[in-house]
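Colleague: For reference, the structure I am asking about is given below.
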Amino acid sequence: MAPRTTIRKAPERPHPRPRTALILGLAGLLAATGVTALTGTAQAASTLGAAAAEKGRYFGTAVAANHLGESAYANTLNTEFNSVTPENEMKWDAVEPSRGSFSYGSADQIVNHAQSRGMKVRGHTLVWHSQLPSWVGSLATADLRSAMNNHITQVMTHWKGKIHSWDVVNEAFQDGSSGARRSSPFQDKLGNGFIEEAFRTARAADPAAKLCYNDYNTDGVNAKSNAVYNMVRDFKARGVPIDCVGFQSHFNSASPVPSDYQANLQRFADLGVDVQITELDIEGSGTAQANSYSNVVRACLAVSRCTGITVWGVTDKYSWRASGTPLLFDGNYAKKPAYTAVLTALGGSGGGGGGGGTASCSVTYSKAEEWNDGFNGRVTVTAGSSAITSWTTTVTVTSPQKISATWNGSPTWDSSGNVMTMRPNGNGSLAAGASTSFGFTVMKNGNNSAPVLGSCTAS
């Protein structure tokens, strides 16, 4: 078929790096242990992240560190999404501006913000021809190979256990009908083997992280997506470590959602890799935009190995395509028709609970999956004789145990880090007698004690 209109992300310079903190790790462990989010049974979820979690998926957004101080931005992020991708802060020019000198502050700010709220993190990106500091392109072949492998190893090691999926190599194929590799310092000096080498280096650096290849204009069956498909098929046949393929999915009227979008996702999934929609935005407005978003979400839900969706930004006003108003929230953070279409496609609802009587709830704990150094716990929250609109409970672990990840709830912590207070994340409204649940991962650190639940309070 004819090549589709090229859509490119305009490079954006990295923002200043204000602080470094270490809060809560290993969100990616959920994927590594095959855990999916636990579902509530009473009310349809009322946020994007909670609704996606009930389908066993994440719904994320690209995040810029310099906007986290804006309350409307942070509140929308915290309420609606359960996964984040740093927009520019993990790219090569941001983290290694000069050879061997690494700077992680802005990206750490995003990772810490996400992990303190139980969100997953996608790493973007390790090897890419763009936003590349000039010193990389000037290296001779042997030095370039050494620099590439060192960059992958250092960056992945810094966030080891905290990144669910990494875009190891980004946009390595040309547009058009050739199916050829794109000219870049890596391709031109290291040859076709640089992609395989990058993936093998990445696996050694963080064996638990999902390793993805990511590209644009590969959303339907065409020459470019065929070339990526053939590479992935070859990698799987030869045991090259690749776990997932990312489809950026930047759409507009000249480059709409292709009719074979779902079929294309499925054929990649059939190779034995997960597929992820990694940078979704759709220019337009009103019903047309809403319908396109709905079609993308439904396609993902129809492919069992489509593990999540990331939109490329929180609000139209900060989008790289701001004039096309391509996101789910407008410049004032109001929900657009596209938001409602996405929530509906995920099976969610904007409705709440209600009812008279005294609000009450109870909690029970059960252990789920367990492995040598950790286990997953599940807490079921059940409303009393009247409907409730919110609940709160605590989970206490015994030191040196630590809770390393959570899902289907919004956690806060005491100063010791051993007492977690959990509140709803879109699953607070329960009918009388109805239940929902949240989960968490405990790293044992030599202690196999069961967590202790506090009382449940409701409103």
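The values are calculated or read from the model by the stated rules, or taken from the named source; none is laboratory data. What you see is a predicted model, and the numbers here were worked out from it, not measured in a lab. For neighbour counting, all protein chains shown are included, and Cβ atoms are generated from backbone atoms with ideal geometry for every residue, glycine included. Just the protein is used for accessible areas: all its heavy atoms, side chains included, with ligands, DNA and RNA removed. Shrake-Rupley method; radii C 1.70, N 1.55, O 1.52, S 1.80 Å.
Colleague: Which of the helices (runs of 4 or more DSSP H) contained wholly in segment 81-196 include at least 3 residues that are surrounded by fewer than 21 Cβ atoms within 10 Å (Cβ to Cβ)?
Modeller: Here the list reads 105-115, 134-137, 141-158, 185-190.
Colleague: In segment 212-244, how many residues are in contact with a Cys (Cβ under 7 Å, 6 or more places away or on another chain) and of a type in the set (A, V, I, L, M)?
Modeller: Looking only at that region, the number is 0.
Colleague: Among the residues of segment 264-292, how many are closer than 19 Å to residue 213 by Cβ and touching a residue at least 12 places away in the same chain (Cβ under 8 Å)? It would help to see each step written out before you state the result.
Modeller: Within segment 264-292, the subset closer than 19 Å to residue 213 by Cβ is 264-280.
Narrowing further to those that are touching a residue at least 12 places away in the same chain (Cβ under 8 Å): 264-269, 271-280.
Residues meeting the conditions: 16.
Colleague: Scan segment 243-261 and tell me whether some residue there is within 16 Å of residue 57 (Cβ to Cβ), open to solvent by 10 Å² or more (accessible area, probe 1.4 Å) and part of a strand (DSSP E or B).
Modeller: no
Colleague: Taking residue 344 as meeting all but one of (1) crowded, with 16+ Cβ neighbours inside 10 Å; (2) in contact with a strand residue (DSSP E or B) (Cβ under 9 Å, 6 or more places away or on another chain), write down the number of the exception.
Modeller: (2)
Colleague: A further question on this structure: Which one of these is open to solvent by 10 Å² or more (accessible area, probe 1.4 Å) and over 20 Å from residue 221 (Cβ atoms): 285, 292, 304?
Modeller: Going through 285, 292, 304 in turn, just one is open to solvent by 10 Å² or more (accessible area, probe 1.4 Å) and over 20 Å from residue 221 (Cβ atoms): 285.
Colleague: Taking into account only those residues within segment 218-242 that are under 21 Å from residue 295 (Cα atoms) and more than 20 Å from the chain's Cα centre (by Cα), which is surrounded by the fewest Cβ atoms within 10 Å (Cβ to Cβ)?
Modeller: This residue is 221.
Colleague: Okay, moving on. Report every pair of residues separated by at least 6 positions or lying on different chains whose Cβ atoms are under 6 Å apart, first residue within segment 378-404 and of a type in the set (Phe, Trp, Tyr), second in a strand (DSSP E or B).
Modeller: Once the first residue is of a type in the set (Phe, Trp, Tyr) and sits in segment 378-404, its partners that are in a strand (DSSP E or B) give 391/361; 391/381; 391/458.
Colleague: List the residue pairs whose Cβ atoms are under 9 Å apart, where the first residue sits in segment 321-333 and is farther than 10 Å from residue 289 by Cβ, the second is aromatic (Phe, Trp, Tyr) and open to solvent by 10 Å² or more (accessible area, probe 1.4 Å), and the two are 6 or more positions apart or on different chains.
Modeller: 331/318
Colleague: What is the number of the single condition among (1) free of Cβ contacts under 8 Å to residues at least 40 places away in the same chain; (2) touching a Lys or Arg at 6+ places or on another chain (Cβ under 7 Å) that residue 141 does not meet?
Modeller: Failing condition for residue 141: (1).
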